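Have a look at the structure below before the remarks.
What follows draws every value from the coordinates through simple rules; no lab data is involved. From a predicted model like this one, the values you see are computed outputs, not experimental measurements. Positions of Cβ are generated from backbone atoms using ideal geometry, with glycine treated the same way; all protein chains shown enter the neighbour counts.
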Amino acid sequence: MSEASSTERLIGKIFSDAVKLDIDGELVTGEGRFEGTAVSIIGTLNQAAIGADDALVLAAAILEVIRDKPRRPILIIADTSGHRLSRWDELVGISGCIAHLTKCIYVARQRGHRVVSLVNELAVSAAFMALGMSSDECYALPQTELRVMAAPAMARITKIPLDRLTELFRSSPVIGPGAENFLRIGALRAIWNENLANHFRRALSEPVQAADYTRVLGEERGGRKEARPVAALFRSEAPAGGK
Amino acid sequence: MPVAFDDGVVTGEGLIAGHRVLIAAQEGGFMGGAIGEVHGAKITGLIERAIETRPAAVILLLDSGGVRLQEANAGLLAMGEIHRVLLDARSTGLPILGAIGGRNGCYGGTSIIARCCDCLIASEEGRLSISGPEVIETVEGIEEFDAQDRALVWRTMGAKHRRLIDEIDVIVPDDMSAFRNAIIAQLNVSRPLSLETLEAEQSALRRRVERFRDAADARDIWRALGVDSPECVSEMEADDFNRLVEGLEGSGS
């Protein structure tokens, strides 16, 4: 028997009672009962790289919940190193498969499923966009690593020397990796420490946030000050504004 | 760090064939059209305005390498915000049209945004993929992807391949009037997002991934789709190519 993954252990900490999980490679689907409420669970394990086919397995699980379990809450647990980098994935159109997954999550939300995302150990770039930012609200753990790209690759592409980049990481939430920085820019609603069940209970019971809540949070927390006012300006701009 | 007063995207409102539209055009010459905080917020605000003012469509001229790494986190979140408001717009029946005609192609998270549009139009030179060739080569090795092999890049990520596997809806010659006409044809055409349409998309994508599970090269896929001379596809003019696609679709393959 292989040891349970940290995503399975995390699910176990949130759902003290009955949980039924189906593990298929690095994907998990299933359901649990949280204080009397049935919750569907989908997620990824072991810092999975999400391929075109994986995105479709997760999308199928979401569609099944929409079809068979009206309005049931969905918990997405992400632990992912990003989309899979391969020739085959690009050949078969991984962009469309991941976009499809995001559309399924969107339609679930629209049809009254509360969709809550929790990032476990790691989430990177487009996979965070798909599994984190597509939900109603996204959360992470204190030690969660969130990033767009690993520092050495980022240094190479931006031509910013690695030590300068590491300095920037420390001073700027706009570029530095980690849950705290993503919290400050508004990408995370909150960080869940200690009593996970309390956090999950609150996440399920609070009203769904307004469409622009990530911008508002980023401004309030001082990590991303331009997004809200700039979007507001372009939203209200008169046709003759000439910007 | 480079800055530009428009942050690499021009937005506006105008008439096309007498119909009012809102438009955002990414400037590929500025940091590869990459999406940063302000760039993204402009597009998000524009789509929000469209939800309120109901134009015939929002047109996104996409030319982007993805997230702007100099403001990585804010760029990624901006992507997520555009994505969310784009689907909000679609769910109100407002069409979002994507067009890919620039030199940078449409990469990274921008490719996911593109694939969430109602309709995606591209010129023959357009490219659409999540990972850039250099990224795949750097991480997975040159055996996996040789980024210097331009023919490989083109046939794996290029617009014609994307049209043949249904990731792109319309191919046009690399010409403004051709783009314009293709856009006019899609004004006021909204494709609903619903459980039913997503289930249909799920089966189509599932079929594609299963059918081409062992494909090593785009030419294998084209042959399987019924293209008699895959080696000729790259040289075909858009009109000839579109006739080829029509023929394949007509024969149901």
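General observations
- Once the GluC sites (Glu not before Pro) in DSSP loops with at most 10 neighbouring Cβ atoms within 10 Å are cut out of chain B, the longest remaining piece is B:1-142.
- FRET efficiency, 1/(1 + (r/R0)^6) with R0 25 Å, evaluated for A:Glu64 and B:Arg211 via beta carbons: 0.65
- Among the residues of A:175-181, the average count of other protein chain beta-carbon atoms within 10 Å of the residue beta-carbon is 2.
- Per-residue shielding of B:180-187, expressed as the average number of other chain Cβ atoms within 10 Å of the residue Cβ, stands at 0.
- Inter-part distance where region B:104-170 and region A:3-59 are each reduced to a Cα centre, Å: 31 Å
- Its Kirkwood hydrodynamic radius, worked out from the mean inverse distance over all distinct Cα pairs, puts region A:93-178 at 14.5 Å.
- Exposure proxy ranking, count of Cβ atoms within 10 Å, fewest first, for B:Thr138, A:Thr44, B:Thr53, B:Thr11: B:Thr53, B:Thr138, B:Thr11, A:Thr44
- For chain B: relative contact order, % (alpha-carbon pairs under 8 angstrom, 6 or more apart): 14 percent
- A Cβ-based charge dipole, computed about the Cα centre of chain B with Lys and Arg at +1 and Asp and Glu at -1, lands at about 720 debye.
- By DSSP, the beta bridges lying fully in region A:6-241 are antiparallel in about 40 percent of cases.
- Normalised by residue count, chain A yields a Cα convex hull volume of 168 Å³ per residue.
- Amide hydrogen proximity for B:Ile35: with H placed 1.01 Å from N in the peptide plane, the residues at 5 or more positions away or on another chain lying under 5 Å are B:Gly66, B:Val67, B:Arg68.
- Here the extension length gained between B:Asp166 and B:Glu125 equals 13.1 nm, from 0.36 nm per residue of separation less the Cα-Cα distance.
- Hz values of 3J(HN,Hα) by residue in region B:83-97 - Karplus curve (6.51, -1.76, 1.60), Gly and Pro given as x: 4, 5, 6, 4, 6, 4, 5, 4, 5, 8, x, 8, x, 10, 10
- Binning the alpha carbon pair distances of region A:155-243 at 10 angstrom intervals from zero yields the distribution 15, 30, 30, 18, 6, 0, expressed in whole percent.
- Residues of region A:49-72 with amide N under 19 Å of a point placed 7 Å along Cα→Cβ from A:Ser6: A:49-50
- Mean residue ellipticity at 222 nm, helices only, chain B: -13500 deg cm²/dmol; runs of at least 4 DSSP H residues each add -39,500 (n - 2.57), and the sum is divided by the number of residues.
- Long-range lysine pairs (8 or more apart or interchain), region A:6-241, Cα under 26 Å: 5
- Straightening the chain between B:Phe5 and B:Arg243 buys 81.4 nm, computed as 0.36 nm per residue apart minus the Cα-Cα spacing.
- Listed peptides A:115-123, A:141-149 by packing density, highest first (mean Cβ within 10 Å): A:115-123, A:141-149
- Site-free segments of chain B were taken between trypsin sites (Lys or Arg not before Pro) in DSSP loops having at most 12 other Cβ atoms within 10 Å, sites themselves excluded; the longest one is B:104-212.
- Residues whose placed amide H lies under 5 Å from that of A:Leu141, excluding near-sequence neighbours: A:Val119, A:Trp192
- Across the protein assembly as shown the C-alpha pair distances fall into 20 Å bins from zero in the proportions 24, 59, 16, 0 percent.
- Spacing of the two label points (7 Å from each Cα toward its C-beta) at B:Asp220 and A:Asp22, in nm: 2.9 nm
- Sequence-separation-based contact order of chain A, relative, with Cα cut under 8 Å and 6+ spacing, percent: 14 percent
- Beta bridges assigned by DSSP with both partners in the protein assembly as shown are antiparallel in approximately 35 percent of cases.
- Phi to ³J(HN,Hα) by Karplus 6.51 cos²θ - 1.76 cosθ + 1.60 over region A:175-188, Hz, x for Gly, Pro: 10, x, x, x, 4, 4, 5, 5, 5, 5, 7, x, 6, 10
- With viscosity 1.002 mPa s and temperature 20 °C, the Kirkwood radius over alpha carbon pairs of chain B converts through Stokes-Einstein to a diffusion coefficient of 114 µm²/s.
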